[in-house]
Amino acid sequence: MNIYYGDFHVHVGRTRSGKPVKITGARSLTIEGILEYAANRKGLDIVGVIDCHVPEVIDELKALIQQGDLAELEEGGLRYKDGTVLITGSEIEINDEHCKGPVHVLAFFPTLAQMELFSNWFSERVKNITLSSQRIYERGTVLQEKVKELGGLFIPAHIFTPHKSLFGKGVNQSLTEIFDPALIDAVELGLSADTAMAARLSELDAYPFLTNSDAHSLPKLAREYQQLLLEKPNFKEWVKALRGEDGRRILANYGLNPYLGKYHETVCENCGEMLEAYEARCPYCGSTQVTKGVAERIGELADRHFTEAKTERPSYIHHIPLEFLPGLGPKTLDKLIARFGSEMAVIHEASFEELSEVVPEKLARLIQQARKGELSLQKGGGGIYGKVIRE
């Protein structure tokens, strides 16, 4: 068994021809750009690309296979130049008669052929198959059944985020209102929650938690990720890890400290004031642009205290991406990656002494403090990320 790192929520910004896929995604976020960056800069072993339903993206993947840059694995997935493995996925928006607001979900498939079959089926139930995160005009349970028919995984995305998530709008009280719970393989927490918070909902006990980046640009890859114990990186092994089968498992979730998430606290988006509790109208400026924070929303949904939560889950390690550290700019990051090979190596492996050979001791100490969870943080909310407080 070996340790691998995986991020299973990465968007495509543009196709090779320059056509937009994720409108808000960076132009550099192409299939080849993602694979190169994941392999040679981030140090990711598995990357889930969730816009592979787009026909032109499918054609690009086929072309890369023909060129010899991608190889289809018998166990599922596409290996890039003997390195990082790409898992084909799709992000889909559901808003059927059972939803009280749109809900995003992720579907992953073991082979490109199965993804293409899904894309063909999806294209008949969506207005624009060429774009990311499109609304399907079908019931959520029908989507689940189709994903399972094609041998796929079904995972509700960023489940507590205020916008477009299972619990975020403040009206859905249970996943059973929308989905067949038996056809859910895992849930994705999102950037403003961690395991301790989410585990207060007993109905989530049946599902592994995932921590993914939801990257809209290359530097955002692996701002959240999983440490996995697998024989080798591929789709079949990932499924076993989710199920805890044959010794495979999620060893740890590396996620933002929820304080850094941009929806952790309840905040008026108009004036920026943080509120102790949600009010329809901001008491400071009178605006109705008040966004209920994830912490408050989980408090409403929770049916038990932190100490009563399921304890046998993988460790959740409060991870601070290097880009969040004050004083660590792009040029310094380039030096660190040139010396240690990848961001994963900088974050997990480089000693204080080794770091000090490349950057000033103060910055090396900051990286070590981030690794140990010793930094002071300012909470985020209302669409604004939290930040590390300079001391």
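Results, tabulated for the structure shown:
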item	result
Residue among 281, 297, 365 with the largest mean-square fluctuation in a Gaussian network model of the chain, springs linking Cα atoms under 10 Å	281
Relative contact order (percent, whole number), the chain, Cα cutoff 8 Å, 6+ residue spacing	16
Residue-averaged 222 nm ellipticity for the chain, from DSSP H runs of 4+ at -39500 (n - 2.57), nearest 500	-7000 deg cm²/dmol
Cα-Cα pairs of the range 283-364 separated by more than 20 Å (percent)	57
18 Å Cα-Cα reach of residue 148 towards lysines, excluding residues that sit fewer than 8 places from it in its own chain	236, 240
Relative contact order (%) - the range 1-78, alpha-carbon pairs under 8 angstrom, separation at least six	31
Full-stretch length increase - residue 305, residue 149 - with 0.36 nm per residue and alpha-carbon distance subtracted	52.4 nm
For the chain, Cys with no neighbouring Cys Cβ under 4.7 Å	52, 99
Estimated FRET transfer efficiency (residue 289, residue 243; beta-carbon r; R0 41 Å; 0.05)	0.45
Solvent-accessible area of residue 267 with every protein chain in place, 1.4 Å probe, in Å² to the nearest 10	10
Accessible-area ranking of 51, 185, 180, largest first, probe 1.4 Å	180, 185, 51
Separation in nanometres of the label points that stand 7 Å from Cα toward Cβ, at residue 335 and residue 274	3.3
Anchor residue 169: aspartates and glutamates whose Cα lies under 13 Å away (excluding residues fewer than 8 positions away in-chain)	296, 300
Set of lysines with alpha-carbon distance to residue 331 below 29 Å, sequence-local pairs under 8 removed	22, 42, 81, 220, 262, 362, 372, 379, 387
Two-decimal log10 I(q)/I(0) for the chain, as the Debye equation yields it once each C-alpha is a single scatterer, q = 0.07, 0.14 Å⁻¹	-0.30, -1.30
Shape call, the range 1-79: gyration tensor on alpha carbons, a/c limit 1.5	oblate
Percent of beta bridges antiparallel (DSSP, the chain, rounded to nearest 5)	65
Nearest-10 value in Å² for the accessible area of residue 284, using the 1.4 Å probe	140
Cα-based shape type of the range 201-242, given that a ≥ b ≥ c are square roots of the gyration tensor eigenvalues and the cut on a/c is 1.5	oblate
Projected label distance in nm at residue 117 and residue 17, using a 7 Å step from Cα toward the beta-carbon	2.7
Accessible area per residue in Å² at 1.4 Å probe, computed on the chain	41
Rh (Kirkwood; distinct C-alpha pairs) - the range 90-218, Å	14.9
At R0 = 25 Å, FRET efficiency that the Cβ-Cβ distance of residue 67 and residue 24 yields, to 0.05	0.30
Dipole magnitude of the range 39-163, debye to nearest 20 (Cβ charges: Lys/Arg +1, Asp/Glu -1, about Cα centre)	360
For the range 207-253: relative contact order, % (alpha-carbon pairs under 8 angstrom, 6 or more apart)	35
Cα gyration tensor shape of the range 180-318, rounded if a/c is under 1.5, else prolate or oblate by comparing a/b with b/c	prolate
Centroid-to-centroid separation of the range 43-108 and the range 320-391 [C-alpha atoms, Å]	30
Residue 182/residue 59 FRET efficiency (R0 41 Å; Cβ-Cβ; nearest 0.05)	0.70
Surface share of carbon and sulfur [accessible, 1.4 angstrom probe, percent] for the chain	47
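The values are calculated or read from the model by the stated rules, or taken from the named source; none is laboratory data. Predicted model only: the values in this text are computed from it and were never measured. A quick note on method: Cβ atoms are made from the backbone with ideal geometry, for glycine too, and the neighbour counts reach across all protein chains shown. Each accessible area value is taken on the protein alone, full model and side chains, heavy atoms only, with ligands, DNA and RNA left out. Shrake-Rupley method; radii C 1.70, N 1.55, O 1.52, S 1.80 Å.
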